[in-house]
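Please read the structure below before turning to the comments.
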Amino acid sequence: MSDPTILVVEDEPILRMAALAMMDDAGFEAIGARSSEMAIRILETCPSIRVIFTDVDLGPGEDGLWLASRVRDGWPPVGIIVTSGHRHVSRAVIPEGAVFLGKPYLEEQVLEEVRRFA
């Protein structure tokens, strides 16, 4: 089995690059996606993904809550971390076992959840 990979889903390039750098600095392999649709394509071709870290608001197309639900249904073992700086997301709208972290988040808090899932 290959090393766990983290899929970072964020439509803002600077925030996506920062999150990818955070994962890399912590020793994780990470792949970035700018949309839910792109994330699904990556999940379909990269079996090493163990965790997705997704923003809720992803611009045009499906949002991060839609993605989280699809991941739970299609890839049940994958850990899900949802984040947003614009709205609080209640446990009722995220899949079972997923975690919500509001922005601005503490890097160590994100990495602690990633380690727990990975």
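Checking each residue in region 89-114 for being outside any loop (DSSP other than H, G, I, E, B) and either among the aliphatic types (A, V, I, L, M) or in contact with a strand residue (DSSP E or B) (Cβ under 9 Å, 6 or more places away or on another chain) (or both) picks out ARG91, ALA92, VAL93, VAL99, PHE100, LEU101, GLY102, GLN109, VAL110, LEU111, GLU113, VAL114. Residue-level check: of (1) part of a helix (DSSP H, G or I); (2) within 23 Å of GLN109 (Cβ to Cβ); (3) more than 12 Å from the chain's Cα centre (by Cα), HIS86 misses just (1).
Just one of the listed residues (LEU58, LEU65) is crowded, with 20+ Cβ neighbours inside 10 Å, in a helix (DSSP H, G or I) and under 14 Å from the mean Cα position of the chain (by Cα), namely LEU65.
Collect the residues in region 14-31 that are part of a helix (DSSP H, G or I) and either of a type in the set (A, V, I, L, M) or within 20 Å of ALA68 (Cα to Cα) (or both), keeping them in residue-number order.
ILE14, LEU15, ARG16, MET17, ALA18, ALA19, LEU20, ALA21, MET22, MET23
Rule-based calculations on the coordinates, nothing more; no lab input. What you see is a predicted model; the values in this text were computed from it and never measured. When we count neighbours, we look across all protein chains shown, and the Cβ atoms used for this are built from the backbone with ideal geometry, even at glycine.
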